[in-house]
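Colleague: The following block contains the structure, expressed as structure tokens.
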Amino acid sequence: MKRFPDIRRGPVLLLAILVWVSGLDARERAVEIRSRCYDCHLNPSPPQGTDRGPLIDESVFKASVHGSQRCENCHRSVISLPHEKDLPPVSCTDCHRVDNTVGAPKLRSYREYEQSVHGRLVAEGDPRAPRCQNCHGDHDILKPAESASHVNKLHIASTCGQCHFEVEKAYEASIHGKTLIEGNLAAPVCTDCHGEHDILRPGEEGSSVSRDQVVNTCAVCHEDIVKMKMFGLTTATVESYRESYHGVAYKFGSDATATCIECHGHHKILAPENPASPVNEANIPKTCGQKNCHKGAGPGFAKGKVHVSFEKTPEKYAREGRDRTFAKVFHIVELAFISLTTSVIFGMILYMALDLYDKWVRRKRRWILFLSVTTAPLALTFWIVWKVVLSFIGKLHGG
Ligand code: HEC
Ligand code: HEC
Ligand code: HEC
Ligand code: HEC
Ligand code: HEC
Ligand code: HEC
Ligand code: HEC
Ligand code: HEC
């Protein structure tokens, strides 16, 4: 079939040529603009008479994750030269979007930031709240794992502390802060307790430090056997809290009972043997007597252990230097009890096995069969009751 030339191709061709030409223009302009950024902002000896503005450190920029980006990729508002004096701040989310095609990591956390206390304040136009660059830096942005990154674990407290100065000071005086400053990364920084891009106000639902969540947040480490062993600490603190009167009331939703932070504080947490700790023996009456807790609490409150635990290491006892007799007696009673119940249970099982064998062989006395099947649950009940009695004694003693 014969084909006629399609006259619609004419304009299409023309358009393509135009796009190509204007593309050339834009590319040339980009090259020109970039080299001119260098003229003023990177060149220590700029052309005569140039008002060049602040100098940036090229070596720092080149070593950053964005070292291969062009200036105008971030400074999008510079579209012609000379440029305006007051430029709007760089918008990192031009590239750091979940659906970006420029090779920036695609993270859910960009969205989380928008929902966070900081992101919401920025959206409302609050000049005090952190944009991405307030935490990450500008030309010196590195991956978090690099030790010079502003968001590397070792620098997070001072990064947040630009704005939360008082909190930073309290944190640095705490046992957690001191341990981290010594370079031990097992201790928590701000973001271990609060999150990173998803930080919410403590009173908000979903916050990792809300009343609902705070015990779990402390438990991440204080229930971690390996981590606690490194410091001669026990994981029994969390377990004993959960079994305590406070812990049980908390589990059932009581708003009045104590969580970890009512007793220990939150930023300036100290070891109990430190005289400034709210759980130091001398301060216990005041700590327990706070707000609407145990009005008129006397020195008697300090007598027992809050966290009754048997796994405590001897070093820890030595550091505390108190109540060792009780803990030892308690320890012995528990050991005796465990061996007693274990031997009873195993005795029962052995008896049952022998008896069943006996019946298998002789096929008579069916009532014994019945009895032996029921003794196992009986022994178990007995053991549970004892466990409850034991924890009750502990509670009486721990207050
Ligand atoms: C002719 C010299 C010159 C050139 C070329 C130039 N600048 Fe500037 N720039 C300045 C001066 C002067 C200032 C300081 C303005 C002021 O007084 O706040 C400045 C400030 C800035 C600031 C800070 C603005 C603020 O609000 O504080 C940014 C960002 C910037 N320039 C980016 C660029 C980029 C990107 C390029 C290249 C596309 C570029 N500049 C090219 C002279 C120049
Ligand atoms: C990854 C994005 C990014 C790239 C790429 C980038 N900048 Fe910036 N630059 C920033 C941010 C962020 C700031 C802080 C101010 C802000 O938030 O807008 C800044 C600030 C500046 C300032 C003001 C510095 C001051 O001390 O006030 C200048 C000048 C500047 N940039 C020039 C450049 C030049 C020249 C290049 C290219 C060599 C470049 N920037 C590349 C993100 C970038
Ligand atoms: C022009 C696009 C663009 C802009 C704007 C931009 N970035 Fe990036 N960013 C990238 C790309 C691409 C990478 C990946 C670089 C690589 O892996 O080599 C990256 C990587 C990063 C990383 C390292 C991520 C990791 O762990 O691998 C961080 C952190 C980061 N950017 C933060 C920022 C911040 C903060 C801003 C705003 C000041 C910003 N970026 C602006 C494109 C951009
Ligand atoms: C309140 C401080 C803060 C703000 C604001 C913030 N970040 Fe972050 N960001 C962090 C911290 C802390 C980390 C380190 C996480 C880690 O240790 O893995 C991080 C990590 C990152 C990473 C690397 C993630 C990875 O797993 O490699 C990127 C990319 C990033 N942020 C981009 C952004 C962007 C884009 C914004 C703005 C939308 C932003 N951040 C806002 C604190 C912040
Ligand atoms: C650029 C300043 C800035 C930086 C950096 C910053 N914040 Fe904030 N932050 C704020 C402001 C402003 C508020 C709102 C304070 C208010 O309204 O009471 C806030 C609120 C908070 C809140 C809620 C406080 C409350 O009383 O409800 C927490 C928690 C918080 N920030 C933690 C952090 C952590 C953790 C970091 C570091 C990863 C950090 N912030 C970094 C400025 C900052
Ligand atoms: C061991 C966990 C932990 C660490 C580490 C921690 N916080 Fe907190 N933070 C909390 C808890 C829990 C609360 C809520 C207290 C409450 O409900 O009264 C809180 C509350 C806050 C508040 C609200 C105001 C206040 O003081 O109650 C800000 C702001 C804050 N933290 C910032 C930070 C910053 C910045 C750092 C790092 C320097 C940090 N936090 C380190 C657990 C922690
Ligand atoms: C990221 C892990 C981590 C988190 C989260 C954490 N801690 Fe710790 N905590 C530690 C480590 C590690 C030590 C041991 C530091 C040392 O002895 O040098 C410690 C020490 C302590 C001590 C002192 C123990 C002693 O006698 O030496 C107390 C009390 C304490 N933490 C309470 C809390 C409370 C309450 C929370 C929650 C608000 C919490 N911690 C959250 C890791 C954590
Ligand atoms: C009712 C107050 C109270 C509550 C609630 C509480 N503690 Fe304690 N905590 C104390 C006291 C008092 C001590 C001092 C030693 C003792 O009496 O057992 C202590 C000691 C500790 C120690 C040091 C233990 C050691 O071996 O030296 C850690 C760690 C600790 N608590 C963590 C926690 C955590 C985590 C929570 C929450 C799951 C919590 N505490 C809840 C009062 C409390």
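The values are calculated or read from the model by the stated rules, or taken from the named source; none is laboratory data. Predicted model, so just to flag it, every value in this text is computed and none were measured. Cβ sites come from the backbone with ideal geometry, for glycine too, and all protein chains shown count toward neighbours.
Colleague: Please report, ordered by residue number, the helices (runs of 4 or more DSSP H) entirely within the stretch 1-82 with at least 1 residues that are modelled with pLDDT of 85 or more and in contact with a Cys (Cβ under 7 Å, 6 or more places away or on another chain).
Modeller: Helices (runs of 4 or more DSSP H) meeting the threshold: 9-41, 71-74.
Colleague: Tell me the residue from Leu107, Leu180 that is farther than 23 Å from Pro54 by Cβ, at pLDDT below 95 and not hydroxyl-bearing (Ser, Thr, Tyr), please.
Modeller: Leu107
Colleague: Pairs needed: first member in the stretch 373-389, in the same structural domain as Ile349 (by TED's automatic domain parsing); second member anywhere, hydroxyl-bearing (Ser, Thr, Tyr) and part of a helix (DSSP H, G or I); C-beta distance under 6 Å; at least 6 residues apart or different chains.
Modeller: Qualifying pairs under 6 Å: Trp383/Thr341.
Colleague: Identify, from the list Glu166, Glu172, Glu114, the residue that is within 13 Å of ligand 5 (Cβ to nearest atom), over 16 Å from the mean Cα position of the chain (by Cα) and not in a loop (DSSP other than H, G, I, E, B).
Modeller: Glu166
Colleague: Would you check which residues across the stretch 78-99 are within 22 Å of Val65 (Cα to Cα) and among the aliphatic types (A, V, I, L, M) and list them?
Modeller: Val78, Val90, Val98
Colleague: Filter the stretch 265-324 for residues that are modelled with pLDDT of 70 or more, of a type in the set (Asp, Glu) and more than 11 Å from ligand 7 (Cβ to nearest atom) and give the result.
Modeller: The answer is Glu281, and nothing else.
Colleague: Let me ask something additional. Name every residue in the stretch 118-140 that is in contact (Cβ under 8 Å) with a residue 60 or more places away in the chain and among the acidic types (Asp, Glu), in order of residue number.
Modeller: The one that is in contact (Cβ under 8 Å) with a residue 60 or more places away in the chain and among the acidic types (Asp, Glu): Asp140.
Colleague: Right, another one. Can you name the condition, by its number, that His197 falls short on among (1) buried (at least 19 other Cβ atoms within 10 Å of the Cβ); (2) assigned to a loop (DSSP other than H, G, I, E, B); (3) away from ligand 3 (no atom under 16 Å from the Cβ)?
Modeller: Here His197 meets the rest and fails (3).
Colleague: In the stretch 96-111, how many are within 10 Å of ligand 2 (Cβ to nearest atom) and either part of a helix (DSSP H, G or I) or surrounded by fewer than 16 Cβ atoms within 10 Å (Cβ to Cβ) (or both)?
Modeller: Within the stretch 96-111, residues that are within 10 Å of ligand 2 (Cβ to nearest atom) and either part of a helix (DSSP H, G or I) or surrounded by fewer than 16 Cβ atoms within 10 Å (Cβ to Cβ) (or both) number 0.
Colleague: Something else: Would you be able to tell me the number of residues in the stretch 235-252 that are outside any helix (DSSP H, G or I) and at pLDDT below 90?
Modeller: 2
Colleague: Take the conditions under 28 Å from Cys74 (Cβ atoms) and of a type in the set (Lys, Arg) and apply them to Lys178. Does it pass?
Modeller: no
Colleague: Right, here's the next one. Which count do you get for residues in the stretch 85-117 that are of a type outside the set (Val, Ile, Thr) and in contact with a Phe, Trp or Tyr (Cβ under 7 Å, 6 or more places away or on another chain)?
Modeller: 2
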